[in-house]
Amino acid sequence: MALLQISEPGQAPDPHARRIAIGIDLGTTHSLIASVRNGVAECLPDAQGRVILPSAVRYMGNGKRAIGHDALAAQAEDPQNTIVSVKRFMGRGVADIANAAQLPYELIDKPGMLSLQTIEGEKSPVEVSAEILASLRQRAEDTFNDDIHGAVITVPAYFDDAQRQATKDAAQMAGLNVLRLINEPTAAAIAYGLDNASEGIYAVYDLGGGTFDVSILRLSKGVFEVMATGGDSALGGDDYDRALADVVLTATGRSLSNAADKSRMLTSARACKQALSDSTEYVFQVELSDGAINHKVTRAEFEACTQHLTRKTLQAVKKALRDANLQSTDIQGVVMVGGSTRMPHVQSAVGELLQCQPLNNVNPDEVVALGAAIQANQLSGNNPNGELLLLDVIPLSLGIETMGGLVERIVPRNQTIPTAMAQDFTTYQDGQTALALHVVQGERDLVVDCRSLARFELRGIPPMAAGAARIRVTFTVDADGLLSVDAIETNSGVQARIDVKPSYGLSDDQIAAMLQDSFHTAEFDKNARALAEARLEADRMWLAAQSALNADEHLLTTEEAAAIRALMAEVLAAKTLDTPATIEAATDALAKGTEAFAAARMNDGIRKALAGKHIGAM
Amino acid sequence: MVSSGAVSGPLTLASSDFELFGIPPRFQLDPSQLELQWKQLQKQVHPDHFSSQGAADKRLAMQWSVRVNEAYQRLKNPLRRAAYLCGLNGAPIRAEDNTAMPAAFLMQQMQWREDLEEATDASAIEALQQQMAQEKRQLLQQCADTLDQQLDWAQAAQTVRALMFIERFEHDLDNRLERLDNN
């Protein structure tokens with residue numbers, strides 16, 4: 001489809017066709033799903049009225065599995081097969097997991113991403129996450145008794161490319177049409193900012209179960225501009241639990257010998273941590289296989305043993321302020337997100353650093369999902385008057401390996417996305433005909449200290465003297481924050497391109513096959529589905545063309561408009577046939593035939609923006 | 001709202017940053033106006049407004065959105081804006097092969113670097129940062145004069161190169177401060 005909705009940004013071609021759009025917060029500990037109903041974003045409850053779905057999946061053998069509360073209930077008796085906090089493993093290898101020995105799982109090292117050994121064989125973190133997402137999708141389908149048009153999934157702002165790609169794959173595997181990945185603090189800012197009609201510069205401090213993010217945003221008239229972001233994708237409430245568990249073990253001279261004990265210890269630590277948010281002391285209680293522990297812990301002790309974690313988050317806040325060129329006094333308010341911000345010492349430390357009272361008038365568990373739902377609603381075109389615009393940034397610098405294992409930075413962190421940046425390189429040997437490119441992400445100068453994202457080769461460079469070739473490498477980061485890289489030798493025109501996909505070995509075909517295996521809910525005929533999809537796309541294209549003509553026919557000559565109308569008639573005629581290929585061909589022809597019109601409308605839109613006229617009033 | 005410098009021909013991805021933003025090709029500009037214009041343009045072209053459209057629209061929106069961001073980043077940053085203006089007027093900066101700087105400036109550079117070596121605490125580094133900020137203000141004022149009044153592009157290019165030295169040094173100061181902070 002090649003027509004632009006310049007005149008009514010965000011509006012669906014057919015205003016009556018309301019699309020069901022959902023926002024999902026896929027969290028380390030909890031996941032939630034929300035949707036905008038009657039103009040209000042709300043979290044969708046399950047049949048028992050609970051909005052929170054614990055991010056837990058238990059594999060029970062013979063294809064049976066339990067998700068959420070049911071999985072969690074069996075955690076102590078079946079720890080190896082009950083996967084919790086799987087988000088920590090997304091896009092990660094075994095070497096990346098700091099506390100692997102403390103975990104009750106058998107981790108298998110694989111290229112790109114680890115796997116978990118379960119009673120049902122090896123499971124990739126992508127598959128486990130897809131189970132959680134599919135369960136939420138089911139909840140939405142039950143709620144609306146309809147198909148879901150699309151979903152916005154949130155990711156920690158500090159997730160790197162591999163982690164984002166893994167999340168998108170999981171959503172795809174769960175049968176969701178991903179409208180956009182958005183950053184959790186940005187989602188929180190949308191929900192908070194729209195609710196409170198806030199304007200100005202705000203910080204979002206998001207300490208979840210396994211990740212920490214901070215974002216600094218400027219809010220003005222529906223535009224959410226991220227000025228800088230920072231964080232740690234492996235720091236969260238889980239670490240506070242572990243620190244507390246360690247202190248109790250040391251104080252009581254005990255040790256953990258099996259997976260069940262490890263799991264019980266962490267569960268008790270979490271309960272103790274939560275209790276200490278309301279009271280100043282608590283008796284840590286756990287039943288281990290070699291006897292019980294009953295040990296009194298004071299809030300002061302808990303704060304002392306986790307102080308280093310809080311300090312780490314504050315350093316990230318300071319760095320984000322520096323990146324945004326701001327002083328702490330420039331911040332008007334700090335929005336607290338994530339269950340871990342309930343800890344009083346976290347609240348006071350953040351308030352002290354930013355010299356303002358943390359804003360707590362939102363539910364820290366729900367706010368991210370609500371923001372995602374608002375964005376999903378907008379992206380689906382359900383909100384014709386929506387002026388919402390997100391201008392987010394890339395959290396980590398992207399670069400390429402050069403001589404001596406050094407990183408040449410191509411896209412610096414905190415660039416507004418989408419973005420494309422290029423750098424020229426050359427060959428270093430006479431007659432060199434190929435060049436290996438190694439794409440990395442991170443802030444360090446040495447390649448070994450950064451995350452390796454992809455390797456590819458530019459081949460077929462004509463033999464030249466060293467330094468004569470001119471190889472332009474372009475990094476493109478899309479609105480989801482995902483990277484693709486192009487390389488071209490400009491003298492000869494030889495080129496290569498790669499969509500940076502983490503190499504954990506799941507091809508699109510495999511994902512499609514798994515999709516059918518695991519989440520197959522209804523039998524469907526492949527051809528019938530292709531036909532339905534082709535007709536749907538034809539409808540969309542036709543409606544888009546019609547609304548473009550309605551709005552901007554004056555940009556065309558009479559002949560041009562007639563040509564487009566002829567193509568539209570052909571689409572309608574093709575739709576009556578039963579061959580998907582014919583319908584697709586007619587749709588494609590209309591798409592091609594309207595490209596110039598689309599470009600003209602885009603141009604016109606930009607002109608109107610320059611002239612400062614309100615487009616809606618045209 | 002459109003300034004007199006707005007172009008008359010059709011805008012393309014190859015239009016200059018100034019044309020794209022509908023402002024005259026001058027060094028001095030109003031940053032808040034620039035930011036407003038950026039958001040206006042993104043409201044028109046951002047891929048979010050095309051997410052339920054077809055692949056061709058998405059591609060076009062992506063290209064325009066990238067282009068608008070590129071232009072904004074360049075116009076927003078005074079140093080990059082100055083460099084861009086020099087390039088547009090036939091005096092490219094060529095930072096990689098033109099490093100000839102006045103001796104006095106190079107001496108000054110060395111002095112600053114020595115001061116950084118000797119700095120042991122945050123306050124010493126912050127003092128250097130303030131010195132740099134002041135130096136930068138002066139050089140940017142020079143840029144404004146040479147670019148907007150005297151139209152001396154070669155002289156402006158020389159000032160831009162000096163500013164690039166300072167920016168690199170400021171980056172080193174930031175890094176040093178961050179290391180101190182983390183210890």
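The values are calculated or read from the model by the stated rules, or taken from the named source; none is laboratory data. Keep in mind that this is a model prediction, so the values were computed, not measured. Here Cβ is always computed from backbone atoms with ideal geometry, including for glycine, and neighbour counts include all displayed protein chains.
Note on the stretch A:409-467: enclosed strands (runs of 3 or more DSSP E) holding 3 or more residues that are within 14 Å of chain B (Cβ to nearest Cβ) are A:419-425. With respect to the conditions (1) crowded, with 24+ Cβ neighbours inside 10 Å; (2) outside the structural domain of residue A:378 (by TED's automatic domain parsing), residue A:250 falls short on a single one, namely (1). Say whether the condition of being among the hydrophobic types (A, V, I, L, M, F, W, C), in contact with a helix residue (DSSP H, G or I) (Cβ under 6 Å, 6 or more places away or on another chain), in a helix (DSSP H, G or I) and within 8 Å of another protein chain (Cβ to nearest Cβ) is met by at least one residue in the stretch B:32-42. Yes - at least one qualifying residue is present in the stretch B:32-42. Within the stretch A:359-391, the residues that satisfy the criterion of being touching an Asp or Glu at 6+ places or on another chain (Cβ under 9 Å), more than 10 Å from chain B (Cβ to nearest Cβ), closer than 12 Å to residue A:190 by Cβ and of a type outside the set (Val, Ile, Thr) are A:369, A:370, A:371, A:372, A:373. Residues of the stretch B:18-65 being farther than 13 Å from residue A:609 by Cβ and among the basic types (Lys, Arg), which ones? Scanning the stretch B:18-65 gives B:26, B:58, B:59.
Comparison of A:130, A:101, A:157 shows that the only residue that is more than 23 Å from residue A:19 (Cβ to Cβ) and either at pLDDT 90 or above or touching a Leu at 6+ places or on another chain (Cβ under 9 Å) (or both) is A:157.
Of the helices (runs of 4 or more DSSP H) lying entirely inside the stretch A:535-618, those carrying at least 2 residues that are more than 9 Å from chain B (Cβ to nearest Cβ), crowded, with 18+ Cβ neighbours inside 10 Å and under 34 Å from the mean Cα position of the chain (by Cα) are A:580-593, A:595-610.
Working only within the stretch A:182-222, note down all residues that are buried (at least 24 other Cβ atoms within 10 Å of the Cβ) and within 14 Å of chain B (Cβ to nearest Cβ). Of everything in the stretch A:182-222, those that are buried (at least 24 other Cβ atoms within 10 Å of the Cβ) and within 14 Å of chain B (Cβ to nearest Cβ) turn out to be A:182, A:183, A:186, A:187, A:190, A:217. In summary, residue A:105 fulfils each of the numbered conditions (1) closer than 25 Å to residue A:69 by Cβ; (2) within 23 Å of the chain's Cα centre (by Cα) with the single exception of condition (2).
Is one or more of the residues making up the stretch A:250-261 among the charged types (D, E, K, R) and not in a helix (DSSP H, G or I)? There is at least one residue in the stretch A:250-261 that is among the charged types (D, E, K, R) and not in a helix (DSSP H, G or I).
Criterion first (within 14 Å of chain B (Cβ to nearest Cβ), touching a strand residue (DSSP E or B) at 6+ places or on another chain (Cβ under 7 Å) and within 25 Å of residue A:155 (Cα to Cα)) does residue A:481 satisfy it? Criteria met by residue A:481. A single member of B:53, B:44, B:63, B:37 is in contact with a Phe, Trp or Tyr (Cβ under 6 Å, 6 or more places away or on another chain) and either at pLDDT below 90 or under 21 Å from residue A:388 (Cα atoms) (or both), and it is B:37. Being within 12 Å of chain A (Cβ to nearest Cβ) and not in a helix (DSSP H, G or I) holds for only one residue in B:29, B:20, B:11, and it is B:11. Just to be sure, is residue B:80 under 18 Å from residue A:421 (Cα atoms), free of Cβ contacts under 8 Å to residues at least 24 places away in the same chain and among the charged types (D, E, K, R)? Against the criterion (under 18 Å from residue A:421 (Cα atoms), free of Cβ contacts under 8 Å to residues at least 24 places away in the same chain and among the charged types (D, E, K, R)), residue B:80 qualifies.
Matching residues to (1) in contact with a Phe, Trp or Tyr (Cβ under 6 Å, 6 or more places away or on another chain); (2) without any contact (Cβ under 8 Å) to a residue 60 or more places away in the chain; (3) closer than 30 Å to residue A:425 by Cβ:
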site	(1), (2), (3)
A:360	no, yes, no
A:366	no, no, no
A:371	no, no, no
A:394	no, no, yes
A:400	no, no, yes
A:406	no, yes, yes
A:410	yes, no, yes
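Picking from residues in the stretch A:113-137 that are surrounded by fewer than 18 Cβ atoms within 10 Å (Cβ to Cβ) and not in a strand (DSSP E or B), the one that is nearest to the chain's Cα centre (by Cα) is A:120.
Looking across the stretch A:392-408, the residues that are more than 14 Å from chain B (Cβ to nearest Cβ), surrounded by fewer than 16 Cβ atoms within 10 Å (Cβ to Cβ) and part of a strand (DSSP E or B) come down to A:402, A:406. So for the stretch B:20-28 (the condition being within 18 Å of residue A:418 (Cβ to Cβ), at pLDDT 90 or above and of a type in the set (A, V, I, L, M)), does at least one residue qualify? Yes: one or more hits. Condition first: at pLDDT 95 or above and in contact with a Phe, Trp or Tyr (Cβ under 7 Å, 6 or more places away or on another chain). Now tell me which residues in the stretch A:230-247 satisfy that. Hit for the stretch A:230-247 is A:244, nothing else.
Restricting attention to the stretch B:59-87, the residues that are within 8 Å of chain A (Cβ to nearest Cβ) and hydrophobic (A, V, I, L, M, F, W, C) add up to 5. Residue count for the stretch A:98-121, restricted to those that are closer than 23 Å to residue A:244 by Cβ and touching a residue at least 24 places away in the same chain (Cβ under 8 Å): 6.
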